[in-house]
Amino acid sequence: TSPDARFTTSATGRPVIIFNHAMLRFLRDDDETAMVLGHEMAHQIADHIVRGQREVLRSAITSAAAAKKAGGDPKTAAVQAAESALITYSRQFELEADRAGAILMMRAGYTPDKAINLLDRLPSKDSRFRRHPPHPKRKQAVRAIAKQFRSVNKNGQTMALVF
């Protein structure tokens, strides 16, 4: 089983963050744990599940209507548009969660500098990562936000979470 952590909601709508056993064994230290937990918390704070569902549905409806008007197959158009939107928005949301998660972990006193290298150890052939940006891009985003956080923090200010 591949390491996995995810944000979801319970049947009653409460936010839940799940780490599978492989992820718990995979994480090497508190900083790596804080990075993954911060990332998943950021998904919840940003309401990524609802935002993603809304964008996928909007894309599917728009494409189906256009296909019907043009004499094409609305169902096929809707499915293709939904799949494309899911990948596009998932990648955007992953970068948002990486940046906001880094801020959250730094606010809590952890550092992303070494923890971000956990991405290098994740299985690269896992199909789940199709919806994630390439690891180098994610690492670059986290390093940039960490640098910005330190600069803002040095001046006695707090860095806001922006989605």
### Query
List, please: which pairs have Cβ atoms under 6 Å, are six or more places apart or on different chains, and start with a residue in region 97-118 that is assigned to a helix (DSSP H, G or I) and end with one that is open to solvent by 10 Å² or more (accessible area, probe 1.4 Å) and among the small types (Gly, Ala, Ser)?
Asp98/Ala141; Arg99/Ala141; Met105/Ala34
### Message
Within region 70-85, take every residue that is of a type in the set (Gly, Ala, Ser) and under 16 Å from Arg130 (Cβ atoms) and give me the one that is surrounded by the fewest Cβ atoms within 10 Å (Cβ to Cβ).
### Response
Ser84
### Task
Go through the residues of region 119-127 one by one and say whether even a single one is over 29 Å from Ser59 (Cα atoms), within 14 Å of the chain's Cα centre (by Cα) and surrounded by 15 or more Cβ atoms within 10 Å (Cβ to Cβ).
yes
### Message
Step by step: first the residues of region 26-46, then only those that are open to solvent by 30 Å² or more (accessible area, probe 1.4 Å) and within 11 Å of the chain's Cα centre (by Cα), then the one that is nearest to Gly101 (Cα to Cα). Which residue is that?
### Response
Met41
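Touching an Asp or Glu at 6+ places or on another chain (Cβ under 8 Å) and either at positive phi or in contact (Cβ under 8 Å) with a residue 12 or more places away in the chain (or both): which single residue out of His39, His43 fits that description?
None of the other options fit; the residue is His39.
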### Query
Looking at (1) over 19 Å from Ala146 (Cβ atoms); (2) in contact with a helix residue (DSSP H, G or I) (Cβ under 8 Å, 6 or more places away or on another chain), which is the only condition Ala34 fails?
(1)
### Summary
From the option list Thr88, Thr12, single residue qualifying as in a helix (DSSP H, G or I), among the β-branched types (Val, Ile, Thr) and open to solvent by 40 Å² or more (accessible area, probe 1.4 Å) is Thr88
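Can you name the residue in region 128-146 that is open to solvent by less than 80 Å² (accessible area, probe 1.4 Å) and not in a helix (DSSP H, G or I) and, of all such residues, is modelled with the highest pLDDT?
Going through the qualifying residues, I end up with Pro133.
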### Message
Going through Phe149, Phe163 one at a time, which residue ends up being in contact with a helix residue (DSSP H, G or I) (Cβ under 6 Å, 6 or more places away or on another chain), touching a residue at least 40 places away in the same chain (Cβ under 8 Å), of a type outside the set (A, V, I, L, M) and not in a helix (DSSP H, G or I)?
### Response
Phe163
### Task
Test each condition in (1) more than 18 Å from Ser2 (Cα to Cα); (2) touching a residue at least 12 places away in the same chain (Cβ under 8 Å) for Pro123 and report the one that comes out false.
(1)
## Note on the structure
Only one of (1) surrounded by 13 or more Cβ atoms within 10 Å (Cβ to Cβ); (2) in contact (Cβ under 8 Å) with a residue 12 or more places away in the chain does not apply to Thr1, and that is (1)
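The values are calculated or read from the model by the stated rules, or taken from the named source; none is laboratory data. Nothing here was measured: the structure is a model prediction, and the numbers come from that model. Quick reminder, even Gly has a Cβ in these numbers, built from the backbone with ideal geometry, and neighbours come from all protein chains shown. Note: accessible area is taken over every heavy atom of the protein model, side chains too, but ligands, DNA and RNA are not part of it. Shrake-Rupley method; radii C 1.70, N 1.55, O 1.52, S 1.80 Å.
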